[in-house]
Amino acid sequence: MAANHNTVRPWCPFCGVDVGRPRHPDERRMTEFPVGRCQCGAVYSSDVTGHNVGAAIVETLLYACGENAELAWELLPEDDYLTGRIENYDEVTHEVVAKKNVDGRAVRGVLYFVRLHTEMRDLAERVKEKKEKARGESGAASPPVEPRPKAGAACKADRRTVKKLVSGRDEDSLVSLCLNDKKTLRLMQRMLYDADEERRWRTAWLIGSVCTRVSTRDPGSVSELLHRLFDACSDSAATPWGMIETIGFIISGRPDIFGAFTRYLLPHVTDDSTRNQAIWALAEIGAVRPDLVRNTPFYTLFHFLSHPDVQVRGQMARLLGNIRAREALMQLIEKSGDTETFVFCGRNGRMNEMTVAGAVKEAVAKINGEKDK
């Protein structure tokens, strides 16, 4: 076959070296583009449509800054970093196509590049190292990688099969089915529409447990589920039954991969229908990775300690204790005499009952460095 002179390998606009195929990073986010890194220090992302310029540039800048949003928003173009772009990029062949189509298929992709100036790159590296140190100190270990699905095993999911497995709490079979058929997680999501609140919590816990294991082999399918759940929560015409609960279990089960989704829970605290569940989810995430919650404007939640709903007050006490919020210590102590009872779902999927005073006592002990009781 004759050489095609209309295509070339993509290159870095800063150093001219060919760059590798962009890939999804291990840590997933709400806005996802495949990313890569050049040997000169530049980073890049791929937008297959060529229409998401703003989102792709933000994603690339965040990637360059080690996912530190506060640092990224402080940087100024030209003063702190340079940008570049390569157009007519085809993700399928990993080539730049001059004629803008391959066998009749339109090619509109763009590679967006960001290269931090040396001092900013050094700062981003230090921030990244600090973040990784915080992860290590959290003690949250990654689960073992699931084995590959057995050849010849049943690989088709249907509503009846999934309903039976969910009702029977057959986690192993559900994990196997998820790895064989990506439709399984979507079918499990439908099981959240249940009028029984306790059953919804148990189903959310089961989905979270399954996703924790599936993510060791296929994090992309779990990331897609998280996107669907957040979209469903934002739909004003739908009731988000079990959605926030499932998000909380998924993120707290694999904060190393899905921790970046944590900040998107905060808006749901302002909604009466999801406030209790959102604060619970932040508390569960804070129990395993307090830094993920503390990297959000969590201090805007302190006033919920005085909320008229006992559920909200109790969940807030748990949250502040789990993230060791010394800033709220005096406000917590003021609630030491609150003997009203609230309920919350534990890591085992079962409902627990506790007084607000009991949650405050545990929170104060955690903040002061005492052993959990």
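The values are calculated or read from the model by the stated rules, or taken from the named source; none is laboratory data. Since this is a predicted model, take the numbers as computed values, not measurements. All Cβ positions, even for glycine, are placed from backbone atoms using ideal geometry, and neighbour counts span all protein chains on display. For the accessible areas, the whole protein counts, side chains as well, though only heavy atoms, and no ligand, DNA or RNA atoms are used. Shrake-Rupley method; radii C 1.70, N 1.55, O 1.52, S 1.80 Å.
Scanning segment 75-107 for residues that are among the aliphatic types (A, V, I, L, M), outside any strand (DSSP E or B) and touching a strand residue (DSSP E or B) at 6+ places or on another chain (Cβ under 8 Å) turns up Leu75, Val92, Ala98, Val107.
Evaluate segment 82-104: report whether one residue or more is within 25 Å of Val222 (Cβ to Cβ), crowded, with 19+ Cβ neighbours inside 10 Å and either out of contact with any helix residue (DSSP H, G or I) (no Cβ under 7 Å at 6 or more places or on another chain) or hydrophobic (A, V, I, L, M, F, W, C) (or both).
So the first thing to find is which residues in segment 82-104 are within 25 Å of Val222 (Cβ to Cβ), and the list is 91-92.
Filter once more, so that each one left must be crowded, with 19+ Cβ neighbours inside 10 Å: none.
No, segment 82-104 has no match at all.
State which residue is farthest from Arg115 (Cα to Cα) when the search covers only segment 31-42 and only residues that are crowded, with 17+ Cβ neighbours inside 10 Å and under 21 Å from the mean Cα position of the chain (by Cα). Ranking the qualifying residues of segment 31-42, first place goes to Glu32. Quick one: would you say Tyr193 is open to solvent by 40 Å² or more (accessible area, probe 1.4 Å) and in a helix (DSSP H, G or I)? Taking the combined requirement at face value, the residue does not satisfy it. With respect to the conditions (1) open to solvent by 60 Å² or more (accessible area, probe 1.4 Å); (2) touching a strand residue (DSSP E or B) at 6+ places or on another chain (Cβ under 6 Å), Arg121 lacks only one, and its number is (2). Hey, among the residues in segment 345-371 that are open to solvent by less than 10 Å² (accessible area, probe 1.4 Å) and touching a Phe, Trp or Tyr at 6+ places or on another chain (Cβ under 7 Å), which one's farthest from Glu171 (Cα to Cα)? Restricting to residues being open to solvent by less than 10 Å² (accessible area, probe 1.4 Å) and touching a Phe, Trp or Tyr at 6+ places or on another chain (Cβ under 7 Å), the top hit is Val356.
Taking segment 238-267 as the range and being under 9 Å from the mean Cα position of the chain (by Cα) and among the aliphatic types (A, V, I, L, M) as the test, the residues that pass are Ile247, Ile250, Ile251, Ile257, Ala260. For residues that are modelled with pLDDT of 90 or more and part of a loop (DSSP other than H, G, I, E, B), scanning just segment 213-243, find the one that is farthest from Glu27 (Cα to Cα). Only one residue fits best here, namely Gly242. Checked against the criterion of being closer than 29 Å to Arg294 by Cα, free of Cβ contacts under 8 Å to residues at least 40 places away in the same chain, open to solvent by 50 Å² or more (accessible area, probe 1.4 Å) and of a type in the set (D, E, K, R), segment 108-117 has no qualifying residue.
Meeting the requirement of 1 or more residues that are without any contact (Cβ under 8 Å) to a residue 60 or more places away in the chain, the helices (runs of 4 or more DSSP H) wholly within segment 244-326 are 275-288, 290-294, 310-322. One residue stands out in segment 13-23 among those that are touching a Leu at 6+ places or on another chain (Cβ under 9 Å) and among the hydrophobic types (A, V, I, L, M, F, W, C): the one that is nearest to Val114 (Cα to Cα), namely Phe14.
If I filter segment 269-298 down to residues being closer than 18 Å to Phe342 by Cβ and among the hydrophobic types (A, V, I, L, M, F, W, C), which single residue comes out as most open to solvent (accessible area, probe 1.4 Å)?
So in segment 269-298, the residues closer than 18 Å to Phe342 by Cβ come out as 269, 272-284, 286-287.
Applying the additional criterion that residues be among the hydrophobic types (A, V, I, L, M, F, W, C) yields 269, 278-283, 287.
Numbers: Val269: 1, Ala278: 0, Ile279: 0, Trp280: 0, Ala281: 0, Leu282: 1, Ala283: 0, Ala287: 61 Å².
Restricting to residues being closer than 18 Å to Phe342 by Cβ and among the hydrophobic types (A, V, I, L, M, F, W, C), the top hit is Ala287.
Considering Gly50, Gly16, Gly20, Gly54, which residue is of a type in the set (Gly, Ala, Ser), part of a loop (DSSP other than H, G, I, E, B) and exposed (fewer than 13 other Cβ atoms within 10 Å of the Cβ)?
On the way: Gly50 fails: exposed (fewer than 13 other Cβ atoms within 10 Å of the Cβ); Gly20 fails: exposed (fewer than 13 other Cβ atoms within 10 Å of the Cβ); Gly54 fails: part of a loop (DSSP other than H, G, I, E, B).
Only one candidate passes the filter, namely Gly16.
Return only the number of the condition from (1) under 24 Å from Met243 (Cβ atoms); (2) open to solvent by 20 Å² or more (accessible area, probe 1.4 Å); (3) of a type in the set (Phe, Trp, Tyr) that Phe342 does not satisfy. Result: Phe342 passes all but (2).
With respect to the conditions (1) of a type in the set (S, T, N, Q); (2) at pLDDT 90 or above; (3) more than 30 Å from Leu226 (Cα to Cα), Thr7 falls short on a single one, namely (2).
Among the residues of segment 57-106, which ones are on the phi < 0 side of the Ramachandran plot and over 30 Å from the mean Cα position of the chain (by Cα)? Lay out the reasoning, then the answer.
Within segment 57-106, the subset on the phi < 0 side of the Ramachandran plot is 57-65, 68-77, 79-87, 89-93, 95-99, 101-102, 105-106.
Those that are on the phi < 0 side of the Ramachandran plot and over 30 Å from the mean Cα position of the chain (by Cα): Asp79, Glu95, Val96, Val97, Ala98, Lys99, Asn101, Val102, Arg105, Ala106.
Could you pull out the residue among Pro143, Pro147 that is modelled with pLDDT under 90, closer than 28 Å to Tyr264 by Cα and part of a loop (DSSP other than H, G, I, E, B)? Outline the logic, then answer.
Details: Pro147 fails: closer than 28 Å to Tyr264 by Cα.
The conditions single out Pro143.
Starting from residues that are aliphatic (A, V, I, L, M) and open to solvent by 10 Å² or more (accessible area, probe 1.4 Å), keep the ones in segment 158-186 and report whichever is nearest to Thr216 (Cα to Cα). My answer is Leu179. What about Leu266, is it farther than 18 Å from Arg200 by Cα and open to solvent by less than 20 Å² (accessible area, probe 1.4 Å)? So Leu266 does not fit the description; no.
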